[in-house]
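Working notes for the structure below.
The values are calculated or read from the model by the stated rules, or taken from the named source; none is laboratory data. Just so you know, these numbers come straight off a predicted model, no measurement behind them. Because the Cβ atoms are built from the backbone with ideal geometry, glycine has one as well, and the counts that use them run over all protein chains shown.
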Amino acid sequence: MNREWISISDMMSGLMLIFLFIAISFMVKVESEKQAMKDVVLEYRDTKVNLNEALFSEFEDDLEEWHASITKENSIVFASPELLFDVSKSEIKDEFKAVLREFFPRYIKILTSQEYRDSIYELRVEGHTSDSWKGSESPKEIYLKNMQLSQERAYRVLSFCYSLEDTLSVKDRKWLEKYLRANGMAFSKMQTKERARRVEFVVQLKSEKSVYDVLGEAEATHPK
């Protein structure tokens, strides 16, 4: 009887050790995940802030003349319809071509510098339109027309910038082919009527994508 009790006691002690080991392992894994998330978030924050300062330092004196702005998310926004395109057209106006010739090589020089070159996940040219279409009241037609127009405008701007023959743009074409994209947004990110028709240069950092990846993994592992 005593031997049987000792055997059961030993078995229970062994199980407790196993459960304790599992609990410790889980705690270590959770702490490791927290630290990894913290590191990713800090990297994203620091790179984002530093890039924002670099963009402002380079373009602050030009923004008013270009009718442009730089957001906290490091998007360069050109929001003057009179400068960009004619109504319902995708051909780039000569005034905007002149701005792009001045802007794009300097912009790419920053993004391809040693500090940021390996931090970029994607560079997008986004075309944005209003939520109306002259002569149409059909929601379906308005959406499809504006989607097509915004995509054509984004592509035209990408094509113009990619084809620039200045030294910097030519040197970095392989980099552009890897990261530069054109997206038509129609009115999916509608702001005000005055800022509906615009072109944005949007940078997504690798660390930003990593934040979303880590959050996605955490949500999958620990669903609410």
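Laid out as a table, the results:
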| quantity | calculated |
| --- | --- |
| Single residue of Tyr116, Tyr121 found to be at pLDDT below 95, on the phi < 0 side of the Ramachandran plot, surrounded by 13 or more Cβ atoms within 10 Å (Cβ to Cβ) and out of contact with any strand residue (DSSP E or B) (no Cβ under 8 Å at 6 or more places or on another chain) | Tyr116 |
| Identity of the residue in region 187-224, surrounded by fewer than 17 Cβ atoms within 10 Å (Cβ to Cβ) and in a loop (DSSP other than H, G, I, E, B), that ends up modelled with the lowest pLDDT | His222 |
| Of all residues in region 89-115 being in contact with a helix residue (DSSP H, G or I) (Cβ under 6 Å, 6 or more places away or on another chain) and part of a loop (DSSP other than H, G, I, E, B), the one that is nearest to Glu65 (Cα to Cα) | Ile92 |
| Criterion violated by Leu111 - all others in (1) of a type outside the set (Asp, Glu); (2) closer than 17 Å to Arg197 by Cα; (3) buried (at least 20 other Cβ atoms within 10 Å of the Cβ); (4) at pLDDT 95 or above satisfied | (2) |
| Every residue from region 156-178 that is surrounded by 17 or more Cβ atoms within 10 Å (Cβ to Cβ) and of a type outside the set (A, V, I, L, M, F, W, C) | Arg156, Ser169, Asp172 |
| Region 86-102 residues that are farther than 20 Å from Asn146 by Cα, paired with ones that are of a type in the set (D, E, K, R) (beta carbon under 9 Å, 6 or more apart) | Glu95/Glu82; Val99/Asp62; Val99/Glu65; Arg101/Asp166; Glu102/Asp62 |
| Output for region 116-150, where each listed residue is assigned to a strand (DSSP E or B) and not β-branched (Val, Ile, Thr) | Tyr121, Glu122, Leu123, Arg124, Glu126, Gly127, His128, Trp133, Ser136 |
| Subset of region 60-76 (residues that are closer than 26 Å to Gln151 by Cα and in contact with a Phe, Trp or Tyr (Cβ under 8 Å, 6 or more places away or on another chain)) | Trp66, His67, Ala68, Ile70, Ser75, Ile76 |
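Quick grid of which residues meet (1) among the aliphatic types (A, V, I, L, M); (2) in contact with a Ser or Thr (Cβ under 7 Å, 6 or more places away or on another chain); (3) over 21 Å from Glu194 (Cα atoms); (4) modelled with pLDDT under 70:
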{"position": "Leu17", "(1), (2), (3), (4)": "yes, no, yes, yes"}
{"position": "Lys89", "(1), (2), (3), (4)": "no, no, no, no"}
{"position": "Lys93", "(1), (2), (3), (4)": "no, no, no, no"}
{"position": "Arg106", "(1), (2), (3), (4)": "no, no, yes, no"}
